[in-house]
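Written out below as structure tokens is the structure these notes cover.
The values are calculated or read from the model by the stated rules, or taken from the named source; none is laboratory data. Nothing here was measured: the structure is a model prediction, and the numbers come from that model. Quick reminder, even Gly has a Cβ in these numbers, built from the backbone with ideal geometry, and neighbours come from all protein chains shown. Ligands, DNA and RNA are stripped out before the accessible areas are found, and what is left, the full protein with its side chains, is counted by its heavy atoms. Shrake-Rupley method; radii C 1.70, N 1.55, O 1.52, S 1.80 Å.
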Amino acid sequence: IIHSWHFKNPENFWKKAIEGAPQSSQVYRGMGKVYYDRGDLAQAEVNFMKGVELNKAEVNTVSDLGKAYESKGDLVSAERCYRKTLEVDSLQPMFLTDMARIYEKKKDIVTAERYYVKAISRDPNFWQAKFGLGVLSYQTGRFADAERYWLDVARINPNYNDTYMNLAVLYYYVQRYDKAIEYLDLLKSKGVDVDKLNPGLVNSLKPYRKNG
């Protein structure tokens, strides 16, 4: 039986799991993800590294370690991890997307786009890669492409609210104010505090609302 306190206090759950199976890479990965989600990147790194030490073939833990490095801004170490994952599975969409983000942050748009496209070629519904392609398209002035990618992300994963905010910004930029308002209102209906999230956009759209 999995008791409810496991979910209320996941840190204690994984601590007990580590005590019971100290040679399991998965329990350290579980603990690392708790710290990562909490924003404690130092402890996330420690636990992911321990998981990798116990099982170097566990590429998902290597990927998680890369994300911890990436979140700390250590792109060199993150890229090293992501390359290791691709050595094991060069066609895994998530691993390709991980590498794409590194090149995106290195301002190598061409290479980043190539990795994103390859990820989508393996899985047309891999929304993380399509979201990234939307960002690259927007940054390079290809607004129709950005719109197409983000609308597809919204179809595949309607719960990812960043997509709606990006669409609202895009529509404002191309002066389709009614659509920008539509997506801001959609976010509001989902309980998102858009006034706090993007006050500049909210204020800029006020003159275009029919009710003022």
Enumeration of residues in the range 78-96 that are crowded, with 21+ Cβ neighbours inside 10 Å and either of a type in the set (Ser, Thr, Tyr) or on the phi > 0 side of the Ramachandran plot (or both): TYR82, THR85
Among (1) open to solvent by 40 Å² or more (accessible area, probe 1.4 Å); (2) farther than 18 Å from PHE143 by Cβ - the single one TYR173 does not satisfy: (2)
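Just to be sure, is ALA17 at pLDDT 95 or above, more than 28 Å from LEU136 (Cα to Cα), in contact with a helix residue (DSSP H, G or I) (Cβ under 8 Å, 6 or more places away or on another chain) and open to solvent by less than 40 Å² (accessible area, probe 1.4 Å)? Before the answer, list the steps.
Values: at pLDDT 95 or above: no; more than 28 Å from LEU136 (Cα to Cα): yes; in contact with a helix residue (DSSP H, G or I) (Cβ under 8 Å, 6 or more places away or on another chain): yes; open to solvent by less than 40 Å² (accessible area, probe 1.4 Å): yes.
No: the conditions fail for ALA17.
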Any hit, the range 56-71, residues being touching a Leu at 6+ places or on another chain (Cβ under 6 Å) and more than 21 Å from LYS118 (Cβ to Cβ): yes
Residues satisfying the stated conditions in the range 51-68, i.e. in contact with a Lys or Arg (Cβ under 9 Å, 6 or more places away or on another chain) and open to solvent by 70 Å² or more (accessible area, probe 1.4 Å): LYS56
Residue in the range 69-77 that is open to solvent by 40 Å² or more (accessible area, probe 1.4 Å), more than 22 Å from ARG101 (Cα to Cα) and not in a helix (DSSP H, G or I) present: no
Any hit, the range 87-107, residues being aliphatic (A, V, I, L, M), assigned to a helix (DSSP H, G or I) and farther than 27 Å from ALA57 by Cβ: no
Residue pairs meeting the criteria (Cβ under 9 Å; at least 6 apart or on separate chains; first in a helix (DSSP H, G or I), in the range 21-43; second of a type in the set (Ser, Thr, Tyr) and surrounded by fewer than 18 Cβ atoms within 10 Å (Cβ to Cβ)): TYR36/SER71; LEU41/SER71
Test: residue in the range 97-113 that is over 24 Å from VAL192 (Cα atoms), without any contact (Cβ under 8 Å) to a residue 40 or more places away in the chain, out of contact with any Asp or Glu (no Cβ under 9 Å at 6 or more places or on another chain) and surrounded by 22 or more Cβ atoms within 10 Å (Cβ to Cβ): yes
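Test ARG155 against the stated conditions and say whether it is exposed (fewer than 13 other Cβ atoms within 10 Å of the Cβ) and either under 22 Å from LEU133 (Cα atoms) or in contact with a Pro (Cβ under 9 Å, 6 or more places away or on another chain) (or both). Outline the logic, then answer.
Working: exposed (fewer than 13 other Cβ atoms within 10 Å of the Cβ): yes; either under 22 Å from LEU133 (Cα atoms) or in contact with a Pro (Cβ under 9 Å, 6 or more places away or on another chain) (or both): yes.
Yes.
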Any hit, the range 181-191, residues being aromatic (Phe, Trp, Tyr) and either exposed (fewer than 13 other Cβ atoms within 10 Å of the Cβ) or in a helix (DSSP H, G or I) (or both): yes
